Amino acid sequence: MKIVKTLITGAALFLILTLPAAAGGKKDAADSISFAGSGGYPPFNFLVDDGSVDGFDVDVAREIAKRLGLEMNYVTTSWDGIIEGLRAGRYDGILGSMAVTEDRLKVVDFSDPYYYSGPQLIVRKDSGLTDISRFGPSNTVALVTGTTFEKDAANAGLKVKLYEDDNQTLMELLNGRVDAVMTDRIVGLNAIAKMKNGGDLTLAGSVLRTESMGIAFKKDSDLTKRVNAVLAEMRADGTLKAISEKWFPGQDITVE
């Protein structure tokens, strides 16, 4: 009997200790908004030395949360499963340089575009690969799995090797293990300017097409409308442009 009484007392104490914590968790969730990105896509979203995430996307996320009166939490996750994570409720939105496509619109909703860019081939200067027409069956192009660039590479008949993020693709290119990287044009320019030995790289040809980048939300989420209103304010008062020029001096990537 003494053992039973002890077990009951212990269970009651567990409930007393955990119930307030659960209630607190709900309150915290209601007061915050979480956005996801790969964390390996500089200068849009990337890990810094202290383990936090920074970049253009992160600054946009912070400003949106601020205007909604919410605390912002930025989550890093694998790109190839990022939409599944959103649909499973692991975060509220994807603010990680995701291009709006018809296929993605079948499973998520998107905000209005918050910036524009497009796919670009990056090569080593000594490669002789000056544009996409110079690539042959023996040339390997690195790109991130789950990106729209996979379709571009397939349409061009390029031999592809897939990686988790562009930190990996660009290092593989610099180390001579692949012949090119296909990524966002701005990511490529950032790598050339800021990576160690980035000066050994160059753009091959021009941007292949233009993409609109939006913030993804669950289907029928009220956040889409609320965030669109905030983006309109940020565009009208110059905040989006200012964030762009912080990360890309002299460039406003928020206009098409």
Placing +1 at every Lys and Arg Cβ and -1 at every Asp and Glu Cβ, with all other atoms neutral, what dipole size does the chain have around its Cα centre, in debye to the nearest 20? 680
On a full-extension model of 0.36 nm per residue, what is the gain between VAL107 and PHE248, subtracting their alpha-carbon distance, rounded to one decimal in nm? 47.6 nm
Restricting to bridges with both residues inside the chain, how much of the DSSP beta-bridge set is antiparallel, in percent to the nearest 5? 60
Entries in LYS106/LYS151; LYS125/LYS196; LYS66/LYS219; LYS125/LYS194; LYS161/LYS219 that, when Cα-Cα distance is taken, lie over 25 Å: LYS161/LYS219
Hey, rough spin-label estimate for ASN228 and LYS194, points 7 angstrom out along Cα→Cβ, what's it come to in nanometres? 3.2
Additional length obtainable on full extension of the chain from GLU84 to GLN168, 0.36 nm per residue less Cα span: 28.0 nm
Modelling each spin label as a point 7 Å along the Cα-to-Cβ direction, I'd like the GLU150/LYS241 distance in nm, to one decimal. 3.8
Simple spin-label model, 7 Å along Cα-to-Cβ: VAL160 to ARG209 in nm? 1.3
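Each value in this text was obtained by applying a stated rule to the coordinates, not by laboratory testing. Quick caveat: nothing in here was measured; it's all calculated off a predicted structure. Methodologically, a virtual Cβ is constructed for each residue, glycine included, from the backbone with ideal geometry; neighbour enumeration extends over all protein chains shown.
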